[in-house]
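All remarks here apply to the structure that follows.
Quick note: the coordinates plus some simple rules give every number you see, no bench work behind them. What you see is a predicted model, and the numbers here were worked out from it, not measured in a lab. Using ideal geometry, Cβ is built from the backbone for each residue, glycine included, and neighbour counts are taken over all protein chains shown.
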Amino acid sequence: VKCAQVLLENGAKVDSLDKNKNTALHYAAGYGRKECVALLLESGAAV
């Protein structure tokens with residue numbers, strides 16, 4: 001979570017897509033990372 005927070009604080013786009021068109025939110029939710037999901041949603045990630 002700390003890494004994601006630092007990236008977001010330094011301008012990372014919360015809805016950036018990877019080559020498979022997945023976002024960080026897709027991965028955080030898929031791996032059950034509740035704190036990271038909450039951070040991404042609070043930062044404006046699209047659902």
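For segment 33-42, check the following and say yes or no: at least one residue is touching a Lys or Arg at 6+ places or on another chain (Cβ under 9 Å) and free of Cβ contacts under 8 Å to residues at least 24 places away in the same chain. No, because not a single residue in segment 33-42 is touching a Lys or Arg at 6+ places or on another chain (Cβ under 9 Å) and free of Cβ contacts under 8 Å to residues at least 24 places away in the same chain.
Every test in (1) on the phi > 0 side of the Ramachandran plot; (2) in a helix (DSSP H, G or I) is passed by L41 save one, and that test is (1).
For segment 15-26, name all the residues that are of a type outside the set (D, E) and under 9 Å from the mean Cα position of the chain (by Cα). Answer for segment 15-26, where residues must be of a type outside the set (D, E) and under 9 Å from the mean Cα position of the chain (by Cα): S16, T23, A24, L25, H26.
Go through A4, A12, A29 for me and flag whichever is within 10 Å of the chain's Cα centre (by Cα) and part of a loop (DSSP other than H, G, I, E, B). Spell out the reasoning first.
Details: A4 fails: part of a loop (DSSP other than H, G, I, E, B); A29 fails: part of a loop (DSSP other than H, G, I, E, B).
Result: A12 is the single residue among A4, A12, A29 that is within 10 Å of the chain's Cα centre (by Cα) and part of a loop (DSSP other than H, G, I, E, B).
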